[in-house]
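Working notes, structure below.
Derivation of every value follows stated rules applied to the coordinates shown; laboratory data play no part. Keep in mind it's a predicted model, so treat the numbers as computed, not measured. Neighbour counts are summed over all protein chains in view; Cβ atoms, including those assigned to glycine, are modelled from backbone coordinates with ideal geometry.
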Amino acid sequence: MTKKVLVTGGAGFIGSNLCQHLLENEYHVVCLDNFATGKIENLLPLVEKYPTTFQLIVGDIRNFEDCQKAVEGVDYVMHEAALGSVPRSIKDPITTNDVNIGGFLNMLTAARDAKVKRFVYAASSSTYGDSKSLPKVEDVIGRPLSPYAITKYVDELYADVFARTYGMETIGLRYFNVFGRRQDPFGAYAAVIPLFVKKLMAHESPLINGDGEYSRDFTYIDNVVQMNMLAITTKNPEAVNQVYNTAFGERTTLNQLVGYLKEGLAEFDPKIGEIEILHGPNRVGDIPHSLACIDKAKNLLGYQPKYSMKDGLKEAVKWYWENI
Ligand SMILES: NC(=O)c1ccc[n+]([C@@H]2O[C@H](COP(=O)([O-])OP(=O)(O)OC[C@H]3O[C@@H](n4cnc5c(N)ncnc54)[C@H](O)[C@@H]3O)[C@@H](O)[C@H]2O)c1
């Protein structure tokens, strides 16, 4: 029987990719979004192509009634709606807390009441906080380094308590620096890859915070989509009520990243290969290195990431070149 999936934050970068994949695979999809950072353009092709299987609800996860309406008749929830960005949370911790914790609790409660089969949610590698151990394994975390990190950790605690108290099935996916098509290059809180691509395409110098030797486990969107699909479909009882690193499992320094971006974009515009890179001070709340151990996801969910960082970057660069 056809399954219905609610994607909250479906107008955003990750959410719109999840909606698209689900619809292409014959799921019915409901999207709940208030367009705080998401864009209608991310959804218009889906609205047109899937008039009977795609439903868009414009609403706010801080409003419990909107959450109740969105979960009606839904089998699975993929909860992506949140305010991302560490700097945004440092500037405005109250709104980040309201959306990322208050909104999360609303969605979890509405999903419990509607007896959804499983609640899969976007957690974050920021939960590792100041832990120095590398690679990151799921059960060794440090102290949070930002309000955003606190919110994502509290979400994990709520999901765990709801699983034990109400018998819900939850799975948290700790995303590590996701990138790919439709990640927004505009706005004050743009992520590093779209921001640098936009700068380079405009023949401007990207500014690296620090000496560029900080590293990240940059993760292509299609690997993240795969993890979400495994999370809603797994029949392994041990795989449920867990959190998983969602990453490729390799790290790349910021200096390397800019090198790859210049190389990739220079194929479209050779002048980009000559652009100089600027360096500024380190940013508050940034951890020096981030690298995931993905063994747990491989063992319990059967995760096999298809895109290395470099393969994903080729796809992303091509998409930005054609679309911005
Ligand atoms: N992109 C990453 O690298 C990354 C890393 C770790 C975790 N995450 C998490 O993944 C999720 C998706 O992130 P993204 O990169 O796609 O961000 P995004 O900003 O593109 O998407 C978030 C979506 O949530 C919506 N939203 C925000 N507040 C809302 C509210 N109050 N009610 C309803 N909708 C609301 C936005 O409009 C947007 O469409 C978030 O939970 C984020 O914290 C992302």
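When each of the peptides 262-269, 9-16 is scored by the mean number of other C-beta atoms lying within 10 Å of its residues, the order from highest to lowest reads 9-16, 262-269.
Under the simplified labelling scheme, the residue 323-residue 207 pair shows an inter-label distance of 2.7 nm, with each label point 7 Å from Cα along Cα→Cβ. Consider all pairwise Cα distances in segment 125-164 and report the whole-number % of them above 17 Å. Every Cα pair in segment 125-164 considered, those over 17 Å come to 32 percent. Applying a threshold of 24 Å to the alpha-carbon distances of 235/306; 132/306; 132/235 flags 132/306; 132/235 as lying beyond it. For segment 143-168, backbone nitrogen atoms closer than 11 Å to the point 7 Å from residue 240 Cα along Cα-to-C-beta are found at 167-168. Here the extension length gained between residue 91 and residue 47 equals 12.4 nm, from 0.36 nm per residue of separation less the Cα-Cα distance. A simple spin-label model places pseudo-atoms 7 Å from Cα toward Cβ; at residue 274 and residue 65 they are separated by 6.2 nm. Grouping the Cα pair distances of segment 109-175 into 10 Å bins from zero gives a pair-distance distribution of 21, 47, 26, 7, 0 percent in increasing distance order. For segment 109-257, the spread of Cα positions along the three principal axes, ordered from largest to smallest, is 54, 31, 26 Å. According to the Cα-based calculation, Rg over Rh for segment 175-284 is 1.06, with Rh computed by the Kirkwood formula. Restricting the calculation to Cα atoms, segment 16-87 yields a radius of gyration followed by a Dmax of 12.3, 39 Å.
Quick one: if you stick a label point 7 Å off each Cα along the C-beta vector at residue 188 and residue 284, how many nm between them? Output for this residue pair reads 1.4 nm.
With only the Cα atoms considered, segment 175-224 has a convex hull volume of 91 Å³ per residue.
Treating segment 234-310 as a set of equal point scatterers at the Cα positions, no solvent, please give the Debye-formula log₁₀ I(q)/I(0) at q = 0.17, 0.23 Å⁻¹. The calculated log intensity ratios at q = 0.17, 0.23 Å⁻¹ are -0.84, -1.08.
Relative to its Kirkwood radius, the Cα radius of gyration of segment 143-220 gives an Rg/Rh of 1.11. The Rg/Rh ratio for the chain is 0.95, where Rg is the radius of gyration of the alpha carbons and Rh is the Kirkwood radius.
Projecting the Cα positions of 86, 2, 308 onto the charge dipole of the chain (unit charges on Cβ atoms of Lys, Arg, Asp and Glu, taken about the Cα centre) puts 2 furthest along the positive direction. Once divided by 2.2 N^0.38 Å, the Cα radius of gyration of segment 82-126 becomes 1.32. Computed as a quarter of the hull surface, the mean projected area of the alpha carbon convex hull for segment 1-152 stands at 9.6 nm². Directionally averaged projected area (segment 47-126, Cα convex hull): 6.3 nm².
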